[in-house]
Amino acid sequence: MIFTNAKQRFRMLKSMHIQVFFVMVCAGLIPAFLLFGTILNSFESRIMNQRIDSLEYQGKVIANLLVNSNMSFTSDGSEFGEAETEIEQLADIYEGRVIIVDRKLHVRKDTYKLEEGKTIISEEAIQALHGKKSRYINKEDQYVELVLPIAMEDTKETVGVMIFSFSIKDIYELYDSVEKSGRIILYVLSMIVFVCALLYSGRLKKPMDSIVASIDHMSEGYMSEQIPIPNTYTEIQDITESVNRLTVRLQKLEDSRQEFVSNVSHELKTPITSMKVLADSLIGQEDVPNEYYREFMEDIAAEIDRESNIINDLLALVKMDKKSGQMNIESRNINELIEQILKRIRPIAAKRNIELVFESFRPVIAEIDEVKLSLAISNLIENAVKYNRDDGWVHVSLNADHRFFYIKVSDSGVGIPEDSLDSVFERFYRVDKARSRETGGSGLGLSITRSAVLMHRGAIKIYSKEQEGTTFTVRIPINYVQ
Ligand code: ADP
């Protein structure tokens with residue numbers, strides 16, 4: 001149960017719908033969030049720097065006034081003249097505190113009046129006496145502290161230190177309000193991206209679903225139906241067209257299977273019907289003379305031979321239809337193979353005074369399945385004799401190059417009409433049905449030959465002219481390719 005659930009979840013994650021949705025959401029939101037974070041950070045540092053710069057500038061102005069009004073803090077007292085008002089104003093505007101310290105670190109002015117007269121000992125103040133300013137930003141309590149040196153204008157000698165402590169609450173308030181509006185924009189954007197991703201990935205899935213539904217419908221047995229090409233993405237249209245091509249092919253296969261079965265039944269039935277007629281006519285008559293019996297029985301025997309021929313050819317064809325894994329490949333001398341076949345056919349040719357010539361251009365050794373190739377060549381030579389005229393000729397030739405060997409079977413026979421040339425390799429196809437039957441043909445010979453040649457990864461071609469003759473050429477690789 002747990003395993004099935006996990007499997008289902010994994011299947012869901014592999015769904016294009018879900019993946020497109022996630023990619024769109026990530027592509028839409030990750031950059032938006034990163035951009036928002038960066039903008040917010042740079043906004044904060046910019047506004048903070050601006051404030052500090054402005055404070056430092058004010059500090060400089062006050063420092064100048066101080067050194068002008070109470071030169072180098074040599075005399076005691078806390079009167080700083082014009083600078084006094086500036087200091088109070090600055091403290092007022094920024095709601096903060098200003099402390100002025102002389103070079104002995106005595107507090108000479110504190111706008112809070114808490115530290116006046118005391119001595120300040122702090123690292124930053126000592127550093128400032130050496131001319132080094134420092135800043136400290138406290139984000140938690142929202143204030144900034146600046147420690148600035150007060151230097152003489154002409155000698156640049158540090159005569160005191162100014163300590164500013166100002167609230168930056170207003171900056172954080174501004175920052176918070178910007179962040180808040182940014183967040184609202186981000187939430188709205190997220191919603192828009194989610195909805196768009198959901199709609200788009202759903203739209204992408206729709207034609208897929210309809211293709212799957214159509215294929216399911218077909219697999220229920222409605223093979224002849226074609227899936228309408230959806231008006232959507234090119235890739236999906238391509239898939240639909242491929243599926244349609246596949247179904248046309250499957251339909252053709254199914255048709256040819258049905259045709260084959262009905263042809264087989266018909267072919268097997270014909271001799272049986274003849275036998276039945278012959279036997280019935282014998283049974284129906286009384287006192288049939290002996291010669292009649294003999295004649296009828298000979299006819300019945302011929303029909304039995306025909307039936308067994310058909311069955312043998314069918315078995316051979318079934319064997320050819322099996323996978324190429326069933327090939328029994330070995331190196332064989334093709335010249336010898338053809339000689340053996342010719343030896344068997346010669347007596348049949350001789351009966352009708354047909355000249356049978358074999359011309360070999362070179363010895364050929366090739367990797368072949370002997371049984372299958374023998375059957376293929378036998379069929380071609382037998383046909384050349386069968387469909388020949390009396391006193392005609394049959395030429396068989398063998399040649400080879402470095403990759404292929406070539407067998408050519410030519411005859412001086414009746415030839416094949418042009419419109420039948422494409423069909424002669426079909427199962428049970430016969431040009432002249434009566435003649436073929438007469439010669440005991442099943443109409444399967446060339447079909448078997450072609451299958452055998454194709455199983456050797458070869459090719460077969462046919463050239464023919466009616467009443468002049470026919471030539472079959474076969475090309476087969478010398479080395480068998482799996
Ligand atoms: P069959 O068993 O009837 O000979 P095949 O498949 O061997 O069947 O041949 C199919 C048909 O092609 C034959 O019926 C015949 O009409 C024609 N055919 C085959 N070979 C030749 C040939 N060499 N010359 C003329 N016609 C041929």
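The values are calculated or read from the model by the stated rules, or taken from the named source; none is laboratory data. Model, not experiment: these values are computed from the prediction. All Cβ positions, even for glycine, are placed from backbone atoms using ideal geometry, and neighbour counts span all protein chains on display.
A compact table of results
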item: Residue within segment 326-347 that is at pLDDT below 90 and surrounded by fewer than 12 Cβ atoms within 10 Å (Cβ to Cβ) present; result: yes
item: Subset tally (residues that are in contact (Cβ under 8 Å) with a residue 40 or more places away in the chain, within 11 Å of the ligand (Cβ to nearest atom) and on the phi < 0 side of the Ramachandran plot) for segment 393-434; result: 11
item: From the options 187, 175, residue that is surrounded by fewer than 16 Cβ atoms within 10 Å (Cβ to Cβ) and modelled with pLDDT of 90 or more; result: 187
item: Segment 100-121, residues that are without any contact (Cβ under 8 Å) to a residue 24 or more places away in the chain and surrounded by fewer than 16 Cβ atoms within 10 Å (Cβ to Cβ); result: 104, 112, 113, 114, 117, 118, 119, 121
item: Pair list, Cβ < 7 Å and 6+ apart or interchain, from segment 362-380 residues that are within 12 Å of residue 404 (Cα to Cα) and among the small types (Gly, Ala, Ser) to residues that are more than 16 Å from the ligand (Cβ to nearest atom) and not in a strand (DSSP E or B); result: 366/334; 366/478
item: Answer residue from segment 296-319, given it is more than 16 Å from the ligand (Cβ to nearest atom) and exposed (fewer than 12 other Cβ atoms within 10 Å of the Cβ) and is nearest to residue 442 (Cα to Cα) among those; result: 301
item: Every pair of residues 6+ apart whose Cβ atoms lie under 9 Å, when the first sits in segment 338-350 and is free of Cβ contacts under 8 Å to residues at least 40 places away in the same chain while the second is part of a helix (DSSP H, G or I); result: 340/374; 344/378; 348/382; 348/385; 348/386
item: Residue tally, condition within 12 Å of the ligand (Cβ to nearest atom) and not polar (S, T, N, Q), over segment 440-459; result: 8
item: Flag for residue 423 being over 15 Å from residue 380 (Cβ atoms) and either modelled with pLDDT under 85 or hydroxyl-bearing (Ser, Thr, Tyr) (or both); result: yes
item: Contacts under 9 angstrom Cβ, first residue in segment 191-216 being crowded, with 16+ Cβ neighbours inside 10 Å, partner among the charged types (D, E, K, R) and modelled with pLDDT of 85 or more, 6 or more apart; result: none
item: Long-range neighbours under 8 Å by Cβ, at least six apart or interchain, first residue touching a residue at least 12 places away in the same chain (Cβ under 8 Å) and assigned to a helix (DSSP H, G or I) within segment 3-26, second surrounded by 10 or more Cβ atoms within 10 Å (Cβ to Cβ) and among the β-branched types (Val, Ile, Thr); result: 24/193; 25/193
item: Residue that is farthest from the ligand (Cβ to nearest atom), among those in segment 363-377 that are at pLDDT below 95 and surrounded by fewer than 19 Cβ atoms within 10 Å (Cβ to Cβ); result: 370
item: So residue 276, is it surrounded by fewer than 12 Cβ atoms within 10 Å (Cβ to Cβ), more than 21 Å from the chain's Cα centre (by Cα) and under 30 Å from residue 315 (Cα atoms); result: no
item: Test result for residue 404, among the hydrophobic types (A, V, I, L, M, F, W, C) and over 27 Å from residue 326 (Cβ atoms); result: no
